[in-house]
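One structure below.
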Amino acid sequence: MASGHSTALPPQDALPLELDLARLIVSALSLEVEPASIAPEAPLFGEGLGLDSIDALELALAISKTFGVQLRSDDERNHQIFASLRSLAAHIEKHRTR
Amino acid sequence: MQARMSWSAAPERGSTTMLRLMLWITSMLGWQAGHLLLYPITAYFLASSPRQRAAVRTYLDRALRQPARLRDIFRLYFAFASTILDRLWLVTGRTRDYRIEVHGLDALRANIAAGRGCLLFGAHLGSFEVLRAVADAGSPVALSVLMHEANAMRAKAFFDALGGTERAAAIIPLGRPDAMLRVRECLDRGELVGLLADRATRHDKLVHVPFLGAEAPMPAGPHLLAALLGAPVMLAFGVWRGPRHYEVRFEPFVEAPGQEGRAEREAATAASVARYAQRLEAMCRAYPYNWFNFYDFWATEQRP
């Protein structure tokens, strides 16, 4: 009955880079979810996708290899950067070298 | 949840109160007075923590291979209290009146000299502070310590109170996504990173391994971390042998693990946890009263 109300969907639609990143996350961490099913604004760590800090390290290694972006611990915006697929993709977009 | 509350309630939190009390007494009257006070303090904690006492009994039954007596349990509590008293001296580097036998320091130095960052896996066995005293004294590089957030806050407050701001800064709190990035950066600079690899919390990936005659859950994280970073690992133990007497051991554990694929890494991790548990078991057999995990270590539910 709520099927007609799809107006709330567009902000949740993943951008191409977000989808690329979602695929990278799923393959690097061997997650058993569809990349397209990861909500761009949902939390990646703790609740949401439920990643931990070791996953974060593994992901950082993969991101550095794929996009040439070095994630570092001394970045004060890390909480923000790691918050969701969207925020992580935005950070990569800004700093990518490949 | 219930178990978590009770677990953190007594010796751990109680030890903070005990620490403050002892800090005050020893600053007035010295180590000897503090040492004498350990007897009533130990008796008090023994009497007031039935659940922890039961957990210690379970452990000692296994480690001693015979039913533990009350005096055995007292001995373990007393060793724990002693290491807490000694922390007050060790943290400020006052080791002059201590007898500390060190084994394996050359191997640690070789890793440092090679410029390879090295992970140090400890356990809630004996004193981590004495390890740090030794590592600091013999090491030209920094030693950071990875800790769960609640412990990190307690430890930070403790170091701040004693004026050890450098120590406070060298704590890497877990529970933040970038915690392991910090570990990697420390290792890249050729530094040492210590962590306690025995205690599994509810948030950890667990591996069930044989330990003192039964399967126990232990965290996979430390071993995964080592494999991911390709960092050499040494085991580190600071065993309490008696009043102001410690034995510190550094043992090579992993030279430099390969960065295999994910599936291989998981299999290798399970094997590595099992090997760690074996080594820990040997230490528990040799020094049964140094085990400071005051909860049912073998329980698969109700992790701290």
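Values for this structure:
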item	result
Rounded to 10°, Cα long-axis angle of helix A:85-95 versus longest principal axis of chain A	50 degrees
Antiparallel bridges, percent of DSSP beta bridges restricted to segment B:2-290 (to nearest 5)	45 percent
Bridge type composition, the protein assembly as shown - antiparallel percent by DSSP, nearest 5	45 percent
Global geometry of the protein assembly as shown, whether rounded, prolate or oblate, following the gyration tensor of its Cα atoms and the 1.5 cut on a/c	prolate
5 angstrom amide H check on residue B:253, placed H, neighbours 5+ away	B:233, B:234, B:235
When the convex hull of its Cα atoms is projected in every direction, mean area for segment A:19-73 (nm²)	3.7 nm²
Percent accessible area from carbon and sulfur atoms, chain A, protein chains only, probe 1.4 Å	54 percent
Value of relative contact order over chain B, rounded to a whole percent, pairs C-alpha under 8 Å and six or more apart	26 percent
Probe 1.4 Å, protein heavy atoms only - accessible area per residue of chain A in square angstrom	57 Å²
Interchain or long-range residues, amide H under 5 Å from residue B:122's placed H	B:195, B:196, B:197, B:236
Theoretical ellipticity at 222 nm over chain B - DSSP helices of four or more residues, -39500 (n - 2.57) apiece, nearest 500	-16500 deg cm²/dmol
Accessible area (Å², 1.4 Å probe, nearest 10) - residue B:116	100 Å²
Accessible-area composition of segment B:2-290, carbon plus sulfur, in percent [1.4 Å probe]	56 percent
Residues whose placed amide H lies under 5 Å from that of residue B:147, excluding near-sequence neighbours	B:172, B:174
Where B meets A: accessible area buried, both sides, 1.4 Å probe, Å²	1700 Å²
1.4 Å probe accessible area per residue over chain B, in Å²	43 Å²
At least 20 Å² of accessible area lost relative to the chain alone, listed for segment B:172-189 with a 1.4 Å probe	B:176, B:177, B:178, B:180, B:181, B:184, B:185
Shielded by partner chains, segment A:66-81 residues - at least 20 Å² of accessible area, 1.4 Å probe, vs chain alone	A:71, A:72, A:73, A:78, A:79
Integer Hz, Karplus 6.51/-1.76/1.60 couplings in order for segment A:17-30, x for Gly and Pro	5, 4, 5, 4, 5, 4, 5, 5, 4, 5, 6, 5, 9, 6
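The values are calculated or read from the model by the stated rules, or taken from the named source; none is laboratory data. Treat the numbers as computed from the prediction; the structure is a model and nothing was measured. Side chains are part of the model used for accessible areas, which takes the heavy atoms of the whole protein and leaves out ligands, DNA and RNA. Shrake-Rupley method; radii C 1.70, N 1.55, O 1.52, S 1.80 Å.
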